[in-house]
Structures are given as C-alpha cells and as structure tokens.
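One structure is given below, encoded as structure tokens.
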Amino acid sequence: MDVDQLKDVIVDALEERKGRDIVTLDVRGMSGVTDYMVVCSGTSSRHVKSLADNVWIEAKKHGATPLGM
C-alpha cells in the first residue's frame, strides 16, 4: 500500500466515526519521519479514543501496522 492510499484509509476511518475538522497536512520535504499528518478532533475523550481505535483497526486491515498509539 502506498502512502496516499494509507492516508485515504485513515481519513475514511475518521469520517466513519464522525471525526470533526479533519485536516490532512502534506509534510513531504519538511519531515524525514512522515509524509502526511492527519489531524482531527472529537467531541469527548471517549469519542477521540474511538477515532484512534478505528484508525488502528482499519490500517491493520489494509496491511499497515501502526508503530504506536
């Protein structure tokens, strides 16, 4: 899976759980660690945990193993 497909999987996972204010930042050339940063907010700590869990699950389904959460 290439990085653009992974970004789309992550954004879809956030939208599926009703993440708010989803922003994707292209940091290629600015960071040697990552190509994109995806930032969003939730309505409560429980909602944010649900968003993070769903991103983790969807990434693993598509063959990308997250390094940490």
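The set of residues in region 13-27 that are assigned to a loop (DSSP other than H, G, I, E, B) and either open to solvent by 50 Å² or more (accessible area, probe 1.4 Å) or among the acidic types (D, E) (or both) comprises R17, K18. Residue-level check: of (1) without any contact (Cβ under 8 Å) to a residue 12 or more places away in the chain; (2) assigned to a loop (DSSP other than H, G, I, E, B), M69 misses just (1).
Tell me, which residue of region 28-53 that is touching a strand residue (DSSP E or B) at 6+ places or on another chain (Cβ under 6 Å) and of a type in the set (A, V, I, L, M, F, W, C) is surrounded by the most Cβ atoms within 10 Å (Cβ to Cβ)? By that ranking, first place goes to C40.
Conditions tested, residue by residue: (1) at pLDDT 95 or above; (2) of a type outside the set (V, I, T).
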| residue | (1), (2) |
| --- | --- |
| G42 | yes, yes |
| V48 | yes, no |
| V55 | yes, no |
| H62 | no, yes |
| L67 | no, yes |
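The values are calculated or read from the model by the stated rules, or taken from the named source; none is laboratory data. Only a predicted model underlies this, so the values are computations on that prediction, with no experimental measurement involved. Quick reminder, even Gly has a Cβ in these numbers, built from the backbone with ideal geometry, and neighbours come from all protein chains shown. Each accessible area value is taken on the protein alone, full model and side chains, heavy atoms only, with ligands, DNA and RNA left out. Shrake-Rupley method; radii C 1.70, N 1.55, O 1.52, S 1.80 Å.
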